[in-house]
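The values are calculated or read from the model by the stated rules, or taken from the named source; none is laboratory data. Given the structure is predicted, the values throughout are model-derived calculations rather than measurements. Neighbour counts are summed over all protein chains in view; Cβ atoms, including those assigned to glycine, are modelled from backbone coordinates with ideal geometry.
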2 protein chains.
Amino acid sequence: MEYHDKLGLSREKFEEISEYLHENSYEGRAYRHLPGYRKSVEKGTVLIDDTVVRGFPKIPRCLVLDAGIPQQFDESIAVEEKLNGYNVRVARIEGDVLGFTRSGIVCPFTTHKVRSLLPVDRFFDHHPDRMLCGEMIGPENPYTVEECYDVDSIAFRAFDIRDHVSGEPLPVLDRREICEEFDIPQTELFGTYEPAEAVESTPEIVRELDAERREGIVMQTLSGSQQLKYTTSAANQGDLAFAFTFPFDYGREFSFRRLIREGFQSVEFEESASRRRERAHGLGESLLLPMTESIEQIESGERIGEQHTVRAEPRVVDALLEHFRDQGLTISIETDRRIEGERLLTFTKRIQRTNDKTEAYLNGTIVKE
Amino acid sequence: MEYHDKLGLSREKFEEISEYLHENSYEGRAYRHLPGYRKSVEKGTVLIDDTVVRGFPKIPRCLVLDAGIPQQFDESIAVEEKLNGYNVRVARIEGDVLGFTRSGIVCPFTTHKVRSLLPVDRFFDHHPDRMLCGEMIGPENPYTVEECYDVDSIAFRAFDIRDHVSGEPLPVLDRREICEEFDIPQTELFGTYEPAEAVESTPEIVRELDAERREGIVMQTLSGSQQLKYTTSAANQGDLAFAFTFPFDYGREFSFRRLIREGFQSVEFEESASRRRERAHGLGESLLLPMTESIEQIESGERIGEQHTVRAEPRVVDALLEHFRDQGLTISIETDRRIEGERLLTFTKRIQRTNDKTEAYLNGTIVKE
């Protein structure tokens, strides 16, 4: 079977998509992946060793639970926690367990971590055609920074098991049972509900998650066929704070969408004037404080960047740094220590535009706008 | 002399620009105007009765006074108030005094107001080739809403006198003297400074304007050849509040730029942590409160729009409404009263996207983003 058959595409359609595939390799093994959104194939889809690792589908979102849930669902749904980390797919390809990031890149660090954190051999012996989808969370990871979970370094939480070629999901409760059976940590299930019940129950779940600064919920039919997500104010404001740490590097769209979400949530939650004002203050702080901090750092002569910490065997950290270099990222090492045979590395990914633009404005650059 | 000569353009360049000119007429008199920004000719430039009314130049802006002022100027500058209203140019064309808006449209309301508010006959008898440039401010005007000035209905404040064909400005102090001589109200002059002095003095001027919720300052060389503007936090936040009353109708760029200005100002003004937090809270309120108010109005079944009030002779108000209809605007009348022979009309300009999008999200529309 050829790739286009596995992807369910005509040969012509596949040719079209092929133009957008990037070539890459991992430990000498070549693969191609689709880093961006296309209509006919999921972002992050990988072609490797004559098989496919299907991209994780984009989960649609509603801005209003009350109306969005009945709009999207007319059968029972499971409500689970949406975690704030980075999305990985784990699959066994020709005997090797690999960890793929959202855009379809084999990440050496992730690959190492999932192999050591999860019972991958046992799982893939039983489920050779499946991929395990989940979130890598915790403070020591190379892609995101989120401190709200009770995780010291880094951990995996499963939220899906899918056929790695077709992307077809297992039903939610079957998937949860399998994770249980294999001792694979998984995202929290808040319950299964009829749509009308979910409309009643989800606001309270969201409020509780928000109070712990957690990200939100994913709702889906029990078959996993239809999904819907919704995020907390903490997540919206956290994203804004991140974006405004690097204001010239993050899209206006990115920030605008999160501002809008805050507006609809405040209305749906029927906030009192004082509660709404509190949200507004949090919103303003999430924009202004990171931005001014960055401007001040640049003013004082520093360059700002995205800082991350990772902890792993030295060879894994080396592989990660090489991987970043291959991707064209500029990394500077902040601290580098050995602790109990592991390397604890804090590094900064260089970002360009915010440094350049901010410096220019600080130097008096005139704007014609 | 042909138009291209008057504009200082080659015939070919003029042909190019001609494509972007819009045709229009005022009381049976045809004219063409340039509504958008082009490289070779100022936005708002008008071709009428074989003469030109040059567009008002876009004033460049700095984000940091301390660095921007010396960057832009190496000679004495005048610092005057930047007013928050709408920009008009007044010129006498073939014996008729006309009021042009920023984009070069003859506005019947503005034309009427400048004729009745200003000693136009006497002024143009002495300065037939000049145009009087200024801001229309006050609560009763059809384009902007700003209540911070001590103006009951609407008033004119001069900030420039230019040759209406070439756009060449009069020196600042000459212009101020002429306004004085003709009793033409003008924008406030805070002083003339060397650039280094201006760096010292302008932050305090801006702070005082901000405390009165006024807009900002325009700095320029005494000859008027080089200009630079800078706005208060009140203006930035006021613009944001306006934009987030109609979040889907105003550009992301528009809002982003104002957020950025707040960041640079907070840093330049070396705000204490508590003062900065206060600014952040104001910022958040200017985004969230108007947005939630709009969402709630739409949720309750109303349509939102931009509301304005005008007061004038009945025939002038009629002409304004017809003018808006000609421009394709949908206007609904809110209240319509007669007071001492004048018509006091409150109307709403319909806006589309925010109503449509908000309604869709309230109805559960799913976002794939």
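Any idea which of (1) under 28 Å from A:Glu268 (Cβ atoms); (2) not assigned by TED's automatic domain parsing to the domain that holds B:Asp239 is the one B:Val316 doesn't satisfy?
(1)
Mind listing whichever residues of the stretch A:305-324 are out of contact with any Cys (no Cβ under 8 Å at 6 or more places or on another chain) and assigned to a helix (DSSP H, G or I)?
Pass one, the stretch A:305-324, residues out of contact with any Cys (no Cβ under 8 Å at 6 or more places or on another chain): A:305-319, A:321-322, A:324.
If the condition is that a residue be out of contact with any Cys (no Cβ under 8 Å at 6 or more places or on another chain) and assigned to a helix (DSSP H, G or I), then A:Pro314, A:Arg315, A:Val316, A:Val317, A:Asp318, A:Ala319, A:Leu321, A:Glu322, A:Phe324 are the ones that fit.
Evaluate the stretch A:21-36: report whether one residue or more is touching a Ser or Thr at 6+ places or on another chain (Cβ under 9 Å), within 30 Å of A:Gly238 (Cα to Cα), exposed (fewer than 15 other Cβ atoms within 10 Å of the Cβ) and touching a residue at least 12 places away in the same chain (Cβ under 8 Å).
Scanning the stretch A:21-36, I find at least one residue that is touching a Ser or Thr at 6+ places or on another chain (Cβ under 9 Å), within 30 Å of A:Gly238 (Cα to Cα), exposed (fewer than 15 other Cβ atoms within 10 Å of the Cβ) and touching a residue at least 12 places away in the same chain (Cβ under 8 Å), so the answer is yes.
Looking at A:Ser294, is it loosely packed, with under 15 Cβ neighbours inside 10 Å and either without any contact (Cβ under 8 Å) to a residue 60 or more places away in the chain or not in a loop (DSSP other than H, G, I, E, B) (or both)? Even if it seems obvious, please write down each step before you answer.
On the way: loosely packed, with under 15 Cβ neighbours inside 10 Å: no; either without any contact (Cβ under 8 Å) to a residue 60 or more places away in the chain or not in a loop (DSSP other than H, G, I, E, B) (or both): yes.
When the stated conditions are applied, A:Ser294 does not pass them.
Quickly run through the stretch B:242-256 and pick out the residues that are in a helix (DSSP H, G or I) and either facing another protein chain (nearest Cβ under 9 Å) or surrounded by 20 or more Cβ atoms within 10 Å (Cβ to Cβ) (or both).
Residues of the stretch B:242-256 in a helix (DSSP H, G or I): B:242-243, B:252-256.
Matches in the stretch B:242-256: B:Ala243, B:Arg252, B:Glu253, B:Ser255, B:Phe256.
Tell me the residue from A:Glu306, A:Glu313 that is within 21 Å of the chain's Cα centre (by Cα), in contact (Cβ under 8 Å) with a residue 60 or more places away in the chain and more than 10 Å from chain B (Cβ to nearest Cβ), please.
None of the other options fit; the residue is A:Glu306.
State which residue pairs qualify: first residue more than 7 Å from every other protein chain (Cβ to nearest Cβ) and inside the stretch A:263-291, second residue aromatic (Phe, Trp, Tyr) and assigned to a helix (DSSP H, G or I) in any location, beta carbons under 8 Å apart, and separation of 6 or more residues or different chains.
A:Pro290/A:Phe242
Just give me the residues in the stretch A:112-130 being under 22 Å from the mean Cα position of the chain (by Cα) and of a type in the set (A, V, I, L, M, F, W, C), in sequence order.
If the condition is that a residue be under 22 Å from the mean Cα position of the chain (by Cα) and of a type in the set (A, V, I, L, M, F, W, C), then A:Val114, A:Leu117, A:Leu118, A:Val120 are the ones that fit.
Scan B:Val53, B:Val46, B:Val41 and give me the residue that is out of contact with any strand residue (DSSP E or B) (no Cβ under 7 Å at 6 or more places or on another chain) and in the same structural domain as B:Ala91 (by TED's automatic domain parsing).
None of the other options fit; the residue is B:Val41.
Looking at B:Glu147, B:Glu140, which is the one that is assigned to a loop (DSSP other than H, G, I, E, B) and in contact with a Pro (Cβ under 9 Å, 6 or more places away or on another chain)?
The conditions single out B:Glu147.
Please find, among A:Leu329, A:Leu344, A:Leu320, the residue that is modelled with pLDDT under 95 and among the hydrophobic types (A, V, I, L, M, F, W, C).
Exactly one residue qualifies, and that residue is A:Leu329.
Yes or no: the stretch A:356-366 includes at least one residue that is under 24 Å from the mean Cα position of the chain (by Cα), part of a loop (DSSP other than H, G, I, E, B), under 30 Å from B:Gln265 (Cα atoms) and within 14 Å of another protein chain (Cβ to nearest Cβ). Step through it out loud before you land on a result.
Filtering the stretch A:356-366 down to residues under 24 Å from the mean Cα position of the chain (by Cα) leaves none.
No, the stretch A:356-366 has no match at all.
In the stretch B:260-281, is there at least one residue being in contact with a strand residue (DSSP E or B) (Cβ under 8 Å, 6 or more places away or on another chain) and of a type outside the set (Gly, Ala, Ser)?
yes
Only one of these is of a type in the set (A, V, I, L, M), assigned to a helix (DSSP H, G or I) and outside the structural domain of A:Ser103 (by TED's automatic domain parsing): A:Leu344, A:Leu259, A:Leu329. Name it.
Step by step, each of A:Leu344, A:Leu259, A:Leu329 is checked, and only A:Leu259 is of a type in the set (A, V, I, L, M), assigned to a helix (DSSP H, G or I) and outside the structural domain of A:Ser103 (by TED's automatic domain parsing).
Return yes or no: is B:Arg32 more than 15 Å from the chain's Cα centre (by Cα), assigned by TED's automatic domain parsing to the domain that holds B:Arg214 and among the basic types (Lys, Arg)? Reasoning before the result, please.
Numbers: more than 15 Å from the chain's Cα centre (by Cα): yes; assigned by TED's automatic domain parsing to the domain that holds B:Arg214: yes; among the basic types (Lys, Arg): yes.
Yes: the conditions hold for B:Arg32.
Quick one: how many residues across the stretch A:201-234 are more than 17 Å from A:Gly263 (Cα to Cα), out of contact with any Lys or Arg (no Cβ under 8 Å at 6 or more places or on another chain) and not hydroxyl-bearing (Ser, Thr, Tyr)?
Number satisfying all stated conditions: 12.
Quick one: would you say B:Ser225 is surrounded by fewer than 18 Cβ atoms within 10 Å (Cβ to Cβ), assigned by TED's automatic domain parsing to the domain that holds B:Val64 and more than 19 Å from B:Pro142 (Cβ to Cβ)?
Against the criterion (surrounded by fewer than 18 Cβ atoms within 10 Å (Cβ to Cβ), assigned by TED's automatic domain parsing to the domain that holds B:Val64 and more than 19 Å from B:Pro142 (Cβ to Cβ)), B:Ser225 qualifies.
In the stretch A:293-330, which residues are within 19 Å of A:Tyr250 (Cα to Cα), touching a strand residue (DSSP E or B) at 6+ places or on another chain (Cβ under 6 Å) and of a type in the set (Val, Ile, Thr)?
A:Thr330
Which one of these does B:Thr335 not meet: (1) of a type in the set (Ser, Thr, Tyr); (2) exposed (fewer than 12 other Cβ atoms within 10 Å of the Cβ); (3) within 14 Å of another protein chain (Cβ to nearest Cβ)?
(3)
Counting only residues that are of a type in the set (A, V, I, L, M), assigned to a helix (DSSP H, G or I) and touching a helix residue (DSSP H, G or I) at 6+ places or on another chain (Cβ under 6 Å), how many does the stretch B:161-220 have?
Residues that pass the stated criteria total 2.
Quick check on my filter: what residues within the stretch A:227-241 are within 14 Å of the chain's Cα centre (by Cα) and either at the interface with chain B (Cβ under 10 Å from one of its Cβ atoms) or assigned to a strand (DSSP E or B) (or both)?
Answer for the stretch A:227-241, where residues must be within 14 Å of the chain's Cα centre (by Cα) and either at the interface with chain B (Cβ under 10 Å from one of its Cβ atoms) or assigned to a strand (DSSP E or B) (or both): A:Lys229, A:Thr231.
Conditions (1) in contact (Cβ under 8 Å) with a residue 24 or more places away in the chain; (2) under 21 Å from A:Arg261 (Cβ atoms); (3) within 14 Å of chain B (Cβ to nearest Cβ), marked per residue:
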site	(1), (2), (3)
A:Ile59	yes, yes, yes
A:Gln71	no, yes, yes
A:Glu75	yes, no, no
A:Gly85	yes, yes, no
A:Val88	yes, no, no
A:Val97	yes, no, no
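Search the stretch A:50-71 for residues being of a type in the set (D, E, K, R) and under 15 Å from A:Arg89 (Cβ atoms), and hand back the single one that is farthest from the chain's Cα centre (by Cα).
The residue in question is A:Arg54.
Can you find a residue that is within 20 Å of A:Ile69 (Cα to Cα) and either touching a residue at least 12 places away in the same chain (Cβ under 8 Å) or not hydrophobic (A, V, I, L, M, F, W, C) (or both) anywhere in the stretch A:175-183?
no
Could you tell me which of the residues A:Val151, A:Val79 is under 19 Å from A:Glu215 (Cα atoms), in contact (Cβ under 8 Å) with a residue 60 or more places away in the chain and more than 14 Å from every other protein chain (Cβ to nearest Cβ)?
Within the list A:Val151, A:Val79, the selection yields A:Val79.
Looking at the stretch A:128-137, can you tell me whether even one residue there is more than 14 Å from every other protein chain (Cβ to nearest Cβ), touching a helix residue (DSSP H, G or I) at 6+ places or on another chain (Cβ under 7 Å) and buried (at least 19 other Cβ atoms within 10 Å of the Cβ)?
yes
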